[in-house]
1. Does the range 28-40 contain at least one residue that is more than 16 Å from the ligand (Cβ to nearest atom) and open to solvent by 30 Å² or more (accessible area, probe 1.4 Å)?
2. Can you tell me how many residues within the range 190-218 are among the polar types (S, T, N, Q) and part of a helix (DSSP H, G or I)?
3. Which one of these is in contact with a Lys or Arg (Cβ under 9 Å, 6 or more places away or on another chain), modelled with pLDDT of 95 or more, aliphatic (A, V, I, L, M) and away from the ligand (no atom under 13 Å from the Cβ): LEU77, LEU101?
4. Do the conditions hold for LEU41, that is, is it more than 17 Å from ARG86 (Cβ to Cβ), touching a residue at least 24 places away in the same chain (Cβ under 8 Å) and out of contact with any Asp or Glu (no Cβ under 9 Å at 6 or more places or on another chain)?
5. Testing VAL257 on (1) part of a loop (DSSP other than H, G, I, E, B); (2) at pLDDT below 95; (3) surrounded by fewer than 20 Cβ atoms within 10 Å (Cβ to Cβ), one condition comes back false. Which one is that?
6. Just to be sure, is ARG130 under 28 Å from the mean Cα position of the chain (by Cα) and either of a type in the set (Ser, Thr, Tyr) or modelled with pLDDT of 95 or more (or both)?
7. Being exposed (fewer than 15 other Cβ atoms within 10 Å of the Cβ) and within 12 Å of the ligand (Cβ to nearest atom) is the filter here; which residues of the range 137-176 pass it?
8. Can you tell me how many residues in the range 41-69 are farther than 11 Å from SER88 by Cα, open to solvent by less than 20 Å² (accessible area, probe 1.4 Å) and of a type outside the set (Asp, Glu)?
Amino acid sequence: MEDQNPTDTAGSAPPGVGRFAPSTTGEAHPGTLLAALLCWLDARKNGDRVLLRLENLDPDRSTPAFEDAMQQDLAWLGLDWDEVTRQSDNQSDYEEALDRLAEAGQLYPCSCSRAEIRASGVRTPDGGYRYDNRCRDRALPPGGWRASEEPLRARLLEGTFTAVDLGGDDLTQDPTASFGDPIVRRRDGAIAYQLACVVDDAMSGVTRIVRGRDIMSNTASQVAIQTSLGFVTPEYRHHMLLLERQGEKLAKLHGSVGATALREVYSAAELCGVLVFAAGMVERLEPMTPTERLDGFSWDRVSHKDRLAHWAGRVLEVSGDQGQ
Ligand SMILES: [Zn+2]
């Protein structure tokens, strides 16, 4: 870490940069708020800068109203940011990255349907189906990638990629074998998640990515894209999730309750206390602000296991460790 660098005699190593990057396709839910809190605590504890990046590239589902609500709900909880960015402002960065991938021969059109991909029958680590890279030899149209009316995929470098996970999780994976080449530009021209995320992190100088464990299996694909584009790979930490029972299965605690309903029954300090308790950081429920939590914050005290939660109408119930 920069602040422990013994060669920095001036004592003025630049701070690290963290980021919280929610998609603005819906209301914040308890999992969103907990992820934001953990990211903020991590950065503030380190003396790092921390950015809020509103991921608003999905033209079908992202709305300005959700962007506003996300900012207001995070501010209400007591979280502040050194900078707020919107992916929709970064289009020229994405286009430059696509130009570079095209120049390197790493961009190709692919109209394979979901059904065709599913027919391969090979599952991905996140429960989808692997794309078998079958269109890799297809050329871009004469006008280049901008003229493509098909989705575009990035041809990832072959082999194993990994990165440092500060929580000790193993990020090693061969993404071309586990997932296949990712879509980087959709048919409608929207930039896809993997590319946007990598480009934004690099442009913002992000040094540390704190995010939920559900995205962990994407990391190697992102490192492969970073490598192709000559970007430095940040450090990662993947944290526990709030899960709820859905029939026989456990799923991310999603649509069951949003920030509007939570704010009707909890004060900000009460809800922060519930989140801190849910993450296993304290033994009992007690209202506290994020700033009050900062002093005692340590990842050693955050549960490494996912936790079960349930919205019971007027209260967010949290039970014990769930296992992984
Ligand atoms: Zn294809």
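The values are calculated or read from the model by the stated rules, or taken from the named source; none is laboratory data. Remember, it's a predicted structure, so these values are computed and weren't measured experimentally. Reconstructed Cβ throughout: ideal geometry from the backbone, glycine too, with neighbour counts over all protein chains shown. Protein only, heavy atoms only, side chains kept; ligands, DNA and RNA dropped before computing areas. Shrake-Rupley method; radii C 1.70, N 1.55, O 1.52, S 1.80 Å.
1. Initially, the range 28-40 is screened for residues more than 16 Å from the ligand (Cβ to nearest atom), giving 28-40.
Filter once more, keeping what is open to solvent by 30 Å² or more (accessible area, probe 1.4 Å): none.
Scanning the range 28-40, I find no residue that is more than 16 Å from the ligand (Cβ to nearest atom) and open to solvent by 30 Å² or more (accessible area, probe 1.4 Å), so the answer is no.
2. In the first step, residues of the range 190-218 are kept if they are among the polar types (S, T, N, Q); the result is 194, 204, 207, 217-218.
Next, from what is left, pick out any that are part of a helix (DSSP H, G or I): 194, 217-218.
Counting residues in the range 190-218 that are among the polar types (S, T, N, Q) and part of a helix (DSSP H, G or I) gives 3.
3. Numbers: LEU77 fails: in contact with a Lys or Arg (Cβ under 9 Å, 6 or more places away or on another chain).
After ruling out the rest, the residue left standing is LEU101.
4. Working: more than 17 Å from ARG86 (Cβ to Cβ): yes; touching a residue at least 24 places away in the same chain (Cβ under 8 Å): yes; out of contact with any Asp or Glu (no Cβ under 9 Å at 6 or more places or on another chain): yes.
Considered against the rule, which asks whether it is more than 17 Å from ARG86 (Cβ to Cβ), touching a residue at least 24 places away in the same chain (Cβ under 8 Å) and out of contact with any Asp or Glu (no Cβ under 9 Å at 6 or more places or on another chain), LEU41 comes out as yes.
5. (3)
6. Numbers: under 28 Å from the mean Cα position of the chain (by Cα): yes; either of a type in the set (Ser, Thr, Tyr) or modelled with pLDDT of 95 or more (or both): yes.
For ARG130, the condition - under 28 Å from the mean Cα position of the chain (by Cα) and either of a type in the set (Ser, Thr, Tyr) or modelled with pLDDT of 95 or more (or both) - is met.
7. ASP137, ARG138
8. Adding up the residues that qualify gives 5.
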